[in-house]
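In what follows, a structure is listed as structure tokens, so that the remarks can point back to it.
The values are calculated or read from the model by the stated rules, or taken from the named source; none is laboratory data. Please read these numbers as outputs of a predicted model, since none were measured by experiment. Here Cβ is always computed from backbone atoms with ideal geometry, including for glycine, and neighbour counts include all displayed protein chains. The accessibility values were calculated without ligands, DNA or RNA, using every heavy atom of the protein model including side chains. Shrake-Rupley method; radii C 1.70, N 1.55, O 1.52, S 1.80 Å.
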Protein chains: 2
Amino acid sequence: MEIHPECIVCLFKLGLRAARAATNDEKLQREVLARLAAEIPAVPAGSISPEIGQRVQRIVREVTGETDPFLREKRRSNEFALAHLPELRRRVESADDALLEAIRLAVAGNVIDLAVGSGYDLEGAIAESLEVPFAIFDYEPFTLALERARRLLYLADNAGEIVFDRLLVEELVRRGKAVTCAVRGGPAINDATAEDARRAGLHEIAEVIDTGTDLPSVLLAAVDDRFRERYLGADLVISKGQGNYEGLSEEPGPLACLLKAKCAPVARDLGVERGALVLRFRDAPRAEGRP
Amino acid sequence: MEIHPECIVCLFKLGLRAARAATNDEKLQREVLARLAAEIPAVPAGSISPEIGQRVQRIVREVTGETDPFLREKRRSNEFALAHLPELRRRVESADDALLEAIRLAVAGNVIDLAVGSGYDLEGAIAESLEVPFAIFDYEPFTLALERARRLLYLADNAGEIVFDRLLVEELVRRGKAVTCAVRGGPAINDATAEDARRAGLHEIAEVIDTGTDLPSVLLAAVDDRFRERYLGADLVISKGQGNYEGLSEEPGPLACLLKAKCAPVARDLGVERGALVLRFRDAPRAEGRP
């Protein structure tokens, strides 16, 4: 999904938030924004917003020396979500449709996202995600594809949220699937990395790999060969969140995108209202010559 | 008041809003933001945020050909405020302290500001401004200075708001003051220009001049000689809104700044909470050699 004018404003917000998380020195914060500004005119056509998000993080690193400005936030999100895990697991276990309940909770977890909003009301988000109808709900083709699939690739999104993802991964494993979970290959805003996957206990129930890059998205041209092989070899890919959607929106599938459309450009791209819940399933044949 | 890191994010928001008001072409909107970005690294230390706001408007003009992107918004704000004028005037006339009531309403009008918020709840803002205590309330020294003053200079802020300013100007005239109202010398975001002053009927009760520049602020180094003479010759200057405050915050006085602190940097500079109502009065002797 190509970068939109709104994305540029949002990237400056991200730059400010990352700079502030890294340092209290306003001069350095301004330098981060000035260096980000200097790169904007040279952004090549067809770039996706997370590519600039990756630049933000690198600029913060170069200007402040801080390699992981959101580390504390990520850990706090994990602890917060872990505290809710037992009660949420009971919800899934007692639901009429455990898969659907786990999907809804995984989307609720997608609200834990520093990259878009500045605060979050998790209890409210959970309540909403369990009640609000999905704006795009390809549940039937998704479950049909899931029945046939053996090797699943689950693309995690944020720290904290990854604890909620665990419930869905548990349900997929319970259905006999071999699940591989992918996280970022390095600090990427508040996205989940190997540390967060471990904290969520994902390694106990699934294989955990990383994308080989600190891009806050999955872009097949940017990941390492090992990840790309896994992606292309999976029977079904489940992608969480906006960042992954932005990188994969044009990919043919079999691909299920599970997200809350938090910003206007993503909502427009999907043809839904901002704030809508989405389970989009695509299963077009892969074109010849594509990666 | 020097530019802060938050201001840079806010200026990109302004750039996007101005670009969108000027054109539906996303390519041109992106060009506006890219050109704004290209200028950010070269912003000299000590610049104030409205100077970049002025650049935003000039970039929009150069990229889209639109000289006054907020014209329709400004006219709508005026009509909206004019519809409320008779009922608000009755409020002032029946108040125990007509001056204070007019001051409170003038601050309420300061909420009509596209440059900071995207929407505004005018009825709510009026109710709030009439009830919430001011965080800085130099009413006594202000009224003492007002009693002694003959020539007043009133610095208007936004279109729409200027209709509310009329109530305060009426009250000042009723007290026998010779009031000059100053507006911007050309389109400056949604700031009031000569057209808006006329629409508010200010020319019927006061002299109306302009600053000689399309800067969305009053900066004595940027205004024309005629305005500067008026400024320095006034017995008392009443400055409305954040934009004027940002240009005049270091000026000695006699200067009354009347505003709602809508953003964090201005609130911090004033030492108040964001959203606070402020009547700040300064009357320090002008240093030698200052303009």
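Before moving on, here are some points about what is shown:
- Test: A:VAL179 is open to solvent by less than 50 Å² (accessible area, probe 1.4 Å), closer than 30 Å to A:LEU14 by Cβ and in contact (Cβ under 8 Å) with a residue 12 or more places away in the chain: no
- Only a single criterion out of (1) at pLDDT 95 or above; (2) open to solvent by 10 Å² or more (accessible area, probe 1.4 Å); (3) of a type outside the set (Ser, Thr, Tyr) is not satisfied by B:VAL111, namely (1).
- Residue among A:ASP224, A:ASP235, A:ASP196 that is within 20 Å of A:ASN78 (Cβ to Cβ) and either open to solvent by less than 10 Å² (accessible area, probe 1.4 Å) or in contact (Cβ under 8 Å) with a residue 24 or more places away in the chain (or both): A:ASP196
- Any hit, region A:96-105, residues being under 26 Å from A:ALA194 (Cα atoms), modelled with pLDDT under 95 and open to solvent by less than 30 Å² (accessible area, probe 1.4 Å): yes
- For region B:165-182, the set of residues classified as among the β-branched types (Val, Ile, Thr) and in contact with a helix residue (DSSP H, G or I) (Cβ under 8 Å, 6 or more places away or on another chain) consists of B:VAL169, B:VAL179, B:THR180, listed by residue number.
- Of the residues making up region A:157-170, none is on the phi < 0 side of the Ramachandran plot, at pLDDT 95 or above, open to solvent by 10 Å² or more (accessible area, probe 1.4 Å) and in contact with a Phe, Trp or Tyr (Cβ under 6 Å, 6 or more places away or on another chain).
- Verdict on B:ALA188 being farther than 25 Å from B:GLU250 by Cα, in contact with a Leu (Cβ under 8 Å, 6 or more places away or on another chain) and in contact (Cβ under 8 Å) with a residue 40 or more places away in the chain: no
- When the test is whether a residue is touching a strand residue (DSSP E or B) at 6+ places or on another chain (Cβ under 9 Å) and in a loop (DSSP other than H, G, I, E, B), B:ILE189 passes it.
- Identity of the residue in region A:41-57, of a type outside the set (A, V, I, L, M, F, W, C) and in contact (Cβ under 8 Å) with a residue 60 or more places away in the chain, that ends up surrounded by the fewest Cβ atoms within 10 Å (Cβ to Cβ): A:GLU51
- Residue, modelled with the lowest pLDDT, within region B:60-83, restricted to residues that are over 20 Å from the mean Cα position of the chain (by Cα) and either more than 27 Å from B:THR23 (Cα to Cα) or among the charged types (D, E, K, R) (or both): B:ALA83
- Test result for A:GLU246, surrounded by 21 or more Cβ atoms within 10 Å (Cβ to Cβ) and not polar (S, T, N, Q): yes
- Contacts under 6 angstrom Cβ, first residue in region A:131-157 being in a strand (DSSP E or B), partner surrounded by fewer than 18 Cβ atoms within 10 Å (Cβ to Cβ), 6 or more apart: A:ARG151/A:ALA178; A:ARG151/A:ASP235
- Count of region A:87-103 residues which are without any contact (Cβ under 8 Å) to a residue 40 or more places away in the chain and under 22 Å from the mean Cα position of the chain (by Cα): 2
- Within region B:1-28, the set of residues being at the interface with chain A (Cβ under 8 Å from one of its Cβ atoms) and open to solvent by 50 Å² or more (accessible area, probe 1.4 Å) comprises B:LYS13, B:ARG20, B:GLU26.
- Test: A:VAL60 is out of contact with any Asp or Glu (no Cβ under 8 Å at 6 or more places or on another chain), β-branched (Val, Ile, Thr), open to solvent by less than 50 Å² (accessible area, probe 1.4 Å) and within 30 Å of B:ALA37 (Cβ to Cβ): no
- Verdict on B:GLU31 being within 12 Å of chain A (Cβ to nearest Cβ), open to solvent by less than 60 Å² (accessible area, probe 1.4 Å) and among the acidic types (Asp, Glu): no
- Boolean, B:ALA222 is touching a strand residue (DSSP E or B) at 6+ places or on another chain (Cβ under 8 Å) and among the aliphatic types (A, V, I, L, M): no
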